[in-house]
Every structure is written in structure tokens, then in C-alpha cells.
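Encoded as C-alpha cells, the structure appears first; notes follow it.
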Amino acid sequence: MSVSYDEYMEILSFLYKEAMLLDDKKYKEWLSLLTEDFEYKIFLVDFVPYTNEGPKLITILDEDRKAMERRINRLYTEYAWAEDPQSHTLRVISNVMIESKVDNVYNVRSYLVLHRDRGDLKDEVFYAKRNDKIVKVNEGYKLSKRDVIIMESILRERNVSLIL
């Protein structure tokens, strides 16, 4: 599998822009980066030993674009109780690797470190692996699918109200 340096840099810029929009709470702009058939899942890693297929994963969230839109729209209301007090976040994206490309679809792996501060509450840090499906479209790139694997067996954070 080969992609050009320019393609790699465009994908990297897309991921950085996406992280910046989320950290800046520009959620509606972030929604514009999603395809209409967007899928979003979050997993925890089970405690059992890895098999040849990798770790056993426990699904804790499974959403589509409509569910994501509802969640984003609620963030702009007084009913986003999980975000009261509001989170201040900083995302670091690293180890970005394009694993495959078929036509205009890229399968991209990356690591995420997300720091969350919520005022008087204890700071939290999420460590996760991400598997993204990114589609090249006329106006740039769109996120079609994201699987997030939080590297914990038991969620230690208060909630996962954030978009990882």
C-alpha cells in the first residue's frame, strides 16, 4: 500500500483540524466533516489475554450520524448535564498511519491522548487507539467511520460525554 507524501499530509491535516474543532467546541463545523452514513463506536479492552485477533473488546457506545447530531445539538442547550461543568479539552493525535487505501477511502490508525479539565473536578486523561475510515471527496476529506478503543478494562473517567 502506498500513498503519496501529499496524501499523508492531507490526512494528517484533516485529523489535526478535526481535533482543533472539537477542542474549540465548534461542534457544528465538526459535523460538516462527517459523511451521511457516519458510524462511531467506543470500546474498552477486556481483561482476558489477547488472542491472535488482538484484544477482546467491549462496546460501550455505538452511534450513527443521527445520534451524533442529537448529541451535538444537546450540547448547545441547558440539557447537556454530563457537560456541566463544561469540559475544557486538549487532544493530541499521534502515530498516524494509513493502513490501506481503496479508491478514495483511507483506513487510518492513530493514537489519541485527551486531557479534560472540568473546573473543580479531578482532571482526566483518556488514552485511546483510533481506527478511522476517511473518504476523499471533492471538497476535501470526510470521516465515514471511527472506532475508538480506550486502553482501559474499566472506565475510570466520570463519563464519555466527549467525542474522542
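The values are calculated or read from the model by the stated rules, or taken from the named source; none is laboratory data. Just so it is clear, the model here is predicted, and its values are computed rather than measured. With ideal geometry, Cβ positions are generated from the backbone for all residues, glycine too; neighbour counts draw on all protein chains shown. For accessibility, only protein heavy atoms count, side chains too; no ligands or nucleic acids. Shrake-Rupley method; radii C 1.70, N 1.55, O 1.52, S 1.80 Å.
Note on exposure: 106, 111, 8 ranked by accessible area (1.4 Å probe, complete protein assembly) read 111, 8, 106, with the most exposed listed first. Placing 30, 81 in order of accessible area, with the largest value first and a 1.4 Å probe, yields 81, 30.
Using DSSP to call loops (not H, G, I, E or B), can you name the GluC sites (Glu not before Pro) in segment 1-106 whose Cβ has at most 11 other Cβ atoms within 10 angstrom? Sites meeting the loop and neighbour criteria: 53, 78.
Only protein heavy atoms count here; on that basis, with a 1.4 Å probe, residue 126 has an accessible area of about 0 Å². Computed 3J(HN,Hα) for segment 76-82, one whole-Hz value per residue from the Karplus formula 6.51 cos²θ - 1.76 cosθ + 1.60 where θ = phi - 60°, is 8, 10, 7, 9, 8, 5, 5, glycine and proline marked x.
Please give the FRET efficiency for residue 31 paired with residue 109, using the beta carbon to beta carbon distance and R0 = 25 Å, rounded to the nearest 0.05. Kindly include the intermediate steps, with their values, before the conclusion.
Numbers: r = 23 Å, r/R0 = 0.93.
Using R0 = 25 Å, I get an efficiency of 0.60.
In this structure, the amide hydrogen of residue 56, modeled 1.01 Å from its nitrogen in the peptide plane, lies closer than 5 angstrom to those of 46, 51, counting only residues at least 5 positions away or on a different chain. Taking 0.36 nm per residue of separation and subtracting the Cα-Cα distance, full extension of the segment from residue 12 to residue 123 would add 37.2 nm.
Modelled this way, with points 7 Å down the Cα-to-C-beta line, the labels at residue 79 and residue 60 are 2.5 nm from one another.
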